[in-house]
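Accompanying notes for the structure given below.
The values are calculated or read from the model by the stated rules, or taken from the named source; none is laboratory data. Note that this is a predicted model, so its numbers are computed, not measured. All Cβ positions, even for glycine, are placed from backbone atoms using ideal geometry, and neighbour counts span all protein chains on display. When the accessible area is computed, the model is the full protein with side chains, heavy atoms only, and any ligands, DNA or RNA have been set aside. Shrake-Rupley method; radii C 1.70, N 1.55, O 1.52, S 1.80 Å.
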Amino acid sequence: MRTTTRPAGPAPRAGGRIRAAQPGDLEGLRAVYNHAVLHTDATLDTEEKSPEDFREWFADHQGRYRAGVYLDDDGRACGYAALSAFSRRGGYHPLAELSVYLAPHAQGRGCGTALTRWALDQAGRRDFATIVCFVTTTNEASGRMLARCGFERTGVMRRAGRKLGAFVDLGIWQAFLPDGPDRPLTPGV
């Protein structure tokens, strides 16, 4: 298995910090996500999420699967990263799916890179071996960001969905976390 190293890089040019998402962040995170739903193909969701949807999402990200929020200088959520279950089947225990969403004003400023590195650090602490991220092939900026963070594009799902009136292809990006005696696999898995 190839091991991906997490290269050091510049701090985000935008001021701010990353911390674990908290209940008070949910409305800001929902606004970031719903903007992506309505205006981009960064998600293939076609309907905005409700406050209740985001409360359920938050509850799913309190254990092994985590979410981090990027706060601007004024303490407002301008982006987030989330590690989510790829599948609930036991054999997928070492795999998590990464999602990163940014408000338009936070894009291209290093916030996505910082959030991705935060998520990779969290994944390494939580017994994950592989992180997968699905990105529309038209989203070249996110592909470059993932490559900077050590991800490899390992495949493409052609015509995986429709968004904004067109078929979209999804690039499959993976990061392979280091194996070692300090990262034992879960017994029986």
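Over the chain, what is the relative contact order in percent, taking alpha-carbon pairs closer than 8 angstrom and at least six residues apart?
Working: 339 pairs, mean separation 44.1, N = 189.
Relative CO of the chain lands at 23 percent.
State, to one decimal in nm, how far the label point of GLN22 lies from the label point of ALA141, with both points 7 Å from Cα in the Cβ direction.
Reported label-point gap for GLN22 and ALA141 is 2.9 nm.
How long is the gain from SER50 to VAL156 if the chain were fully straight, where each residue apart is worth 0.36 nm and the alpha carbon distance is subtracted? All intermediate terms of the calculation are to be shown ahead of the outcome.
Working: separation 106, 0.36 × 106 = 38.16 nm, distance 3.07 nm.
This chain segment gains 35.1 nm when fully extended.
How much area per residue is accessible in the chain when the probe is 1.4 Å and only protein heavy atoms are counted (Å²)? Can you show the working numbers first?
On the way: 10010 Å² over 189 residues.
Heavy-atom accessible area per residue stands at 53 Å².
With the full set of protein chains in place, find how many percent of the accessible area of the chain is carbon and sulfur; take the probe as 1.4 Å. Let's see the in-between values first.
Values: 5050 of 10010 Å².
Whole-percent figure for carbon plus sulfur exposure: 50.
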